[in-house]
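Trainee: Following this message is one structure expressed as C-alpha cells.
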Amino acid sequence: MFPSSLPKARTLDPHAVPSLRWGIIGPGWIAERFARALKEFTSQQLVAIASRSQDRASAFASKMGIPQAFGSAAELLTSPDIDAVYIATPHNHHYPDGLQALNAGKHVLIEKPLALNAQQARGLAELAKAKGLLCMEAMWCDFLPKYDIITQLLEDGALGDLHTLLADHGEFFTPDHRIFNADLAGGPMMDLGSYLIGFSVKVAGAPVSIHATGQQVPGGVNGQTSMLLTHNNGMHSVLNTTLFSNTPCAAVIAGRDATLEIGGASFYAPGPFTLTSSQGGKVLHFDEPRNRYDQLFHEAVHFAWCVGQGKTESPVRPLSASIDTLAAMDEVRRQIGQVFNEEK
Ligand SMILES: NC(=O)c1ccc[n+]([C@@H]2O[C@H](COP(=O)([O-])OP(=O)(O)OC[C@H]3O[C@@H](n4cnc5c(N)ncnc54)[C@H](OP(=O)(O)O)[C@@H]3O)[C@@H](O)[C@H]2O)c1
C-alpha cells in the first residue's frame, strides 16, 4: 500500500556508541575524507596512520592531527593501543591487509570492495569468525539515513512486487588515475560497479543469472561494462558502469504499486529521491543536503555499535552481502574476460 508519509531514518547517536581507538592503513584520497568525517561528527578516536613511507604517514598524521605515524602496516598492527583498523588501500591490498589486521587481533573495516573476489571474501569471513572479531565492508551508502528509509519502504512492501531495477555509474577519469592501472585491479567494476551490484543484491538478493558485455581499454583493463541480472523474484537489474564518460548515476526501482527514482545526485550518495504511485499520481519526496563525504561517519558509528554489541558481522552489511556482490562480479568478469593479476 502506498504510504501516507516516508518512514523516519533509524540513525544511531554518534556519541552513544563505544569510542574505539582507530588506526588507518593507506593515507590516500578516501582515508582523508573518512578521517575528517570521524573527527568532525563522532567520538571515535583516530590514533594512528600507516603508509608504506614514514614521510607520507607523518605528513598525513600532522595534517589530520593523528598522534602516531608508522612506516608500515605491520608496525601499526603491533600497537596494543588500537582497537579497530580502517583499510583504505587499493582493491588488491584489501585481502592481505584484512588478513594481517585480523591476525593481529584488530576489528577491521575494509574499503569496498571487501576483496578482489568471492573466494578471498570468504577467507576474510572465516578468519573473522574464528578470531571473534568484527569484519565489515565499508559500503558507506548502506549506512546512510537515505538508504535506511529506502530499506524500510522495501520491507513494508510500499512498491509492491518488484519488476525492474535500473542503475548506472559512469565517471570520466584521466588515464593517470589508479583506476586504469592493471596492477591495482583497475577497471570500473571494483570502484563503481560495487555500488551497482551491491544495490541490486540489497534490493533483490543474489542474482540467479547474469548476462554481461564489456569493452576493454589498452593495457588490459576493462573500460565499460553493461549487465543484465535476473533475481529469484524475477526482477531484472539493468546496470552500466563506465570510465569513459560521466553518466547520471541514477537508479530506479520499479514495482507493481510504485516507482522509486533516485536521481539528482549519485544514487548511492546523500541526496533526493521520489516515490510515485503507479496509479492515482501520489508522490512522496525525500531531500537532504548533498554532504557526501560528511556522511562517511555513519559507517564508523555503526561499526563501533557492532563492536559494542559483540557482533562479528554487521546486520546492515553482513559479510554474506559482500560475498554475494563479489560472486556476481566474479561472474560478470568471467563473461567479459577480465582476470586480475592475483588470479592468474
Ligand atoms: N567510500 C568511498 O566513497 C570511496 C571513494 C574512493 C575510493 N574508495 C575505495 O578506497 C580504496 C582506496 O581508494 P583511494 O581512491 O583512496 O586510493 P588512493 O588515493 O590511491 O589511496 C590508496 C592508498 O593506499 C596506499 N597503498 C598501499 N599500497 C599501494 C599500492 N601498491 N599502490 C598505491 N597505493 C598503495 C597508498 O599510501 P602509501 O603509498 O602512502 O602507502 C595510497 O595513499 C579503493 O579500494 C576504493 O574502492 C572508496
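Trainee: Condition test on ASP176, is it within 12 Å of the ligand (Cβ to nearest atom), closer than 30 Å to VAL217 by Cα and open to solvent by 30 Å² or more (accessible area, probe 1.4 Å)?
Mentor: In short, yes.
Trainee: Just to verify a result, which residue in segment 291-324, among those that are β-branched (Val, Ile, Thr) and open to solvent by 40 Å² or more (accessible area, probe 1.4 Å), is nearest to the ligand (Cβ to nearest atom)?
Mentor: Across segment 291-324, the extreme among qualifying residues is VAL316.
Trainee: Take segment 1-10 and flag every residue that is touching a Leu at 6+ places or on another chain (Cβ under 9 Å) and loosely packed, with under 15 Cβ neighbours inside 10 Å.
Mentor: Across segment 1-10, the qualifying residues are SER4, SER5.
Trainee: Got a number for residues in segment 150-165 being crowded, with 18+ Cβ neighbours inside 10 Å and out of contact with any Gly (no Cβ under 9 Å at 6 or more places or on another chain)?
Mentor: 3
Trainee: Within segment 40-54, is there a residue that is open to solvent by 40 Å² or more (accessible area, probe 1.4 Å) and either near the ligand (Cβ under 9 Å from one of its atoms) or more than 30 Å from LEU12 (Cα to Cα) (or both)?
Mentor: Yes: segment 40-54 contains one or more residues that are open to solvent by 40 Å² or more (accessible area, probe 1.4 Å) and either near the ligand (Cβ under 9 Å from one of its atoms) or more than 30 Å from LEU12 (Cα to Cα) (or both).
Trainee: Of the numbered conditions (1) crowded, with 17+ Cβ neighbours inside 10 Å; (2) of a type outside the set (S, T, N, Q); (3) within 13 Å of the ligand (Cβ to nearest atom), LEU134 fails exactly one; give the number of that condition.
Mentor: (3)
Trainee: Among the numbered conditions (1) assigned by TED's automatic domain parsing to the domain that holds LEU196; (2) open to solvent by less than 30 Å² (accessible area, probe 1.4 Å); (3) not in a strand (DSSP E or B), tell me where LEU260 comes up short.
Mentor: Only one criterion in (1) assigned by TED's automatic domain parsing to the domain that holds LEU196; (2) open to solvent by less than 30 Å² (accessible area, probe 1.4 Å); (3) not in a strand (DSSP E or B) is unmet by LEU260, namely (3).
Trainee: Let me ask something else about it. Being near the ligand (Cβ under 10 Å from one of its atoms) and among the aliphatic types (A, V, I, L, M) is true for just one of ALA125, ALA74, ALA101, ALA57. Which residue is that?
Mentor: None of the others qualify; the one that does is ALA57.
Trainee: Scan segment 220-234 and tell me whether some residue there is touching a residue at least 40 places away in the same chain (Cβ under 8 Å), within 16 Å of the ligand (Cβ to nearest atom) and not polar (S, T, N, Q).
Mentor: yes
Trainee: Would you confirm, using the coordinates I've provided, whether THR247 is of a type in the set (Ser, Thr, Tyr), touching a strand residue (DSSP E or B) at 6+ places or on another chain (Cβ under 7 Å) and in the same structural domain as PHE173 (by TED's automatic domain parsing)?
Mentor: yes
Trainee: Which one is surrounded by the most Cβ atoms within 10 Å (Cβ to Cβ) among residues in segment 104-122 that are among the charged types (D, E, K, R) and more than 14 Å from the ligand (Cβ to nearest atom)?
Mentor: LYS106
Trainee: Among the strands (runs of 3 or more DSSP E) contained in segment 51-114, which hold 1 or more residues that are without any contact (Cβ under 8 Å) to a residue 60 or more places away in the chain?
Mentor: 68-70, 107-111
Trainee: For segment 13-39, which positions are open to solvent by less than 70 Å² (accessible area, probe 1.4 Å) and more than 10 Å from the ligand (Cβ to nearest atom)?
Mentor: Result: PRO14, VAL17, PRO18, SER19, LEU20, TRP22, GLY23, ALA35, ALA37, LEU38.
Trainee: Taking ALA327 as the residue in question, decide whether it is surrounded by 18 or more Cβ atoms within 10 Å (Cβ to Cβ), away from the ligand (no atom under 16 Å from the Cβ) and of a type in the set (A, V, I, L, M).
Mentor: yes
Trainee: Taking the condition of being open to solvent by less than 50 Å² (accessible area, probe 1.4 Å) and under 18 Å from the mean Cα position of the chain (by Cα), how many residues in segment 185-219 meet it?
Mentor: Qualifying residue count, segment 185-219: 21.
The values are calculated or read from the model by the stated rules, or taken from the named source; none is laboratory data. Just so it is clear, the structure is predicted and the values come from calculations on it, not from any experiment. Heads up, the Cβs are rebuilt from the backbone with ideal geometry, glycines too, and the neighbour counts pull from every protein chain shown. Remember, those area values only see protein heavy atoms, side chains included, never the ligands or the DNA or RNA. Shrake-Rupley method; radii C 1.70, N 1.55, O 1.52, S 1.80 Å.
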